[in-house]
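The next block holds one structure in the form of structure tokens; read it before the comments.
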Amino acid sequence: MSAHRILMCPPTHFGVRYEINLWMDTARQADDDAAILQWDQLRATLTDLGATVALEEPRPGLPDQVFTANAGFALGGRALVASFLHPERQGEEPVHERWFRDAGFETWKTTHILEGAGDVCGGVDVLFAGHGIRSDRRAHAEAAAFLGVEVVSLEMTDPWLYHLDLVMAPLDTRTVLVAPHALTAAAARAVAERFADPVELTREEAHAFTANCLVLGDRLVMHHCPPRIGRELAARGFEAIESPVGEFLKGGGGVRCMGLFLDGGPAAPDPVEVAGGAHG
Ligand code: ARG
């Protein structure tokens with residue numbers, strides 16, 4: 001069983017209202033009732049697996065608020081609040097900041113673009129942070145100073161996989177699901193150096209949102225598990241649990257986009273106190 005705390009936001013105001021990633025097409029709207037059912041099912045799956053789900057109140061006019069992975073990145077009681085690239089999502093920033101504060105997190109925002117856990121994940125002794133599509137590499141050093149951990153920057157290359165949580169999922173300190181084609185050669189090497197036993201995804205598998213899973217102990221909650229990946233996971237003692245989120249894929253987000261680990265998530269390092277304060 002997992003003791004993770006995860007932040008979600010009900011899809012009350014979700015919809016494909018603009019196009020800020022290649023998946024979004026305002027002519028292909030989500031079905032509201034189906035979206036609510038899928039979201040409820042996902043929440044139930046996570047709580048059945050032992051996670052505690054915290055909720056953010058949905059606000060009208062913020063159709064992507066349901067993708068709480070982008071709210072920020074939380075580790076060790078600190079929350080780095082997101083700064084969004086697209087004006088369409090910038091209205092979420094004060095809402096997320098308020099949620100973190102009210103929940104008792106020490107909050108901070110970088111002056112550069114950083115789209116939360118969408119682009120940040122655990123990398124064993126370090127955090128990995130993606131850049132090149134949404135988040136700005138210059139935010140990474142600031143994130144490291146605030147969180148008290150080392151951050152390794154990974155440059156991403158596939159515009160369909162525009163957030164790092166579509167490219168890789170750390171499962172534990174040995175194993176990671178990763179789509180190397182979506183990283184520069186140097187970035188793919190940096191991942192390979194940290195994880196002894198990677199499971200590599202093909203372009204097609206990654207485009208099916210396979211890396212976009214929430215990992216709770218030895219269970220991976222994902223939209224759909226390609227059979228080959230199911231076998232690779234089973235051989236390593238992991239099990240994929242499908243919780244279909246097709247309505248949300250129309251917005252360009254899958255399971256992991258809809259849940260923010262409030263404790264860094266799997267394979268996140270322990271933050272150290274930084275001499276002279278966590279940040280300047
Ligand atoms: N429509 C949202 C956007 O483009 C989807 C966000 C998906 N989130 C994620 N963590 N990958 O920003």
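The values are calculated or read from the model by the stated rules, or taken from the named source; none is laboratory data. All values derive from a computational prediction rather than experimental measurement. For neighbour counting, all protein chains shown are included, and Cβ atoms are generated from backbone atoms with ideal geometry for every residue, glycine included. Keep in mind that these areas ignore ligands, DNA and RNA; they rest on the heavy atoms of the full protein, side chains included. Shrake-Rupley method; radii C 1.70, N 1.55, O 1.52, S 1.80 Å.
Work from the charge dipole of the chain (Cβ charges, +1 for Lys and Arg, -1 for Asp and Glu, about the Cα centre) and give the residue of 116, 26, 196 farthest towards its positive end. The one lying farthest along the dipole's positive direction is 196. Rounded to 0.05, the FRET efficiency of the residue 55 and residue 93 pair, given R0 = 22 Å and the Cβ-Cβ distance, is 0.75. Applying the Karplus relation 6.51 cos²θ - 1.76 cosθ + 1.60 with θ = phi - 60° to region 171-185 yields 3J(HN,Hα) values of 9, 6, 7, 10, 10, 9, 8, 8, 9, x, 4, 8, 10, 5, 4 Hz, where x marks Gly and Pro. Per residue, the accessible area of region 80-121 comes to 39 Å², computed with a 1.4 Å probe over protein heavy atoms only. Set Lys and Arg Cβ to +1 and Asp and Glu Cβ to -1, take the dipole of the chain about its Cα centre, and tell me which of 223, 12, 208 lies farthest positive. Going by the charge dipole, the pick is 208. The local environment of residue 219, defined by Cβ-Cβ distances under 13 Å, has a net charge of -4 under the rule Lys, Arg +1 and Asp, Glu -1.
Database remark: amide H of residue 183 closer than 5 angstrom to the amide H of 157 (H placed geometrically; neighbours at sequence offset of 5 or more, or on other chains; Pro and chain starts carry no H). Here r is the Cβ-Cβ distance between residue 37 and residue 235 and R0 is 30 Å; the resulting FRET efficiency, rounded to 0.05, is 0.35. As a fraction of the 1.4 Å probe accessible area of the chain, surface on carbon and sulfur atoms comes out at 50 percent.
About its Cα centre, the dipole of region 105-209 is roughly 200 debye, where the only charges are +1 on Lys and Arg Cβ and -1 on Asp and Glu Cβ.
Take the Cα of residue 184, go 7 Å toward its beta carbon, and the backbone nitrogen atoms of region 101-136 under 17 Å from that spot belong to 128-136. Accessible surface calculations at 1.4 Å, restricted to protein heavy atoms, place region 130-280 at 38 Å² per residue. With +1 on each Lys and Arg Cβ and -1 on each Asp and Glu Cβ, and nothing else charged, work out how big the dipole of the chain is about its Cα centre, in Debye to the nearest 20. Roughly 220 debye for the chain. Farthest toward the positive end of the dipole of region 1-149, out of 107, 42, 96, is the Cα of 107, where the dipole comes from beta carbon charges about the Cα centre.
Summarising the amide proton neighbourhood of residue 263: residues at separation of 5 or more, or on other chains, whose placed amide H is nearer than 5 Å comprise 5.
For the pair residue 228 and residue 27, what calculated FRET efficiency results from E = 1/(1 + (r/R0)^6), where r is the Cβ-Cβ distance and R0 = 45 Å, to the nearest 0.05?
Details: r = 33 Å, r/R0 = 0.73.
FRET efficiency, residue 27 to residue 228: 0.85.
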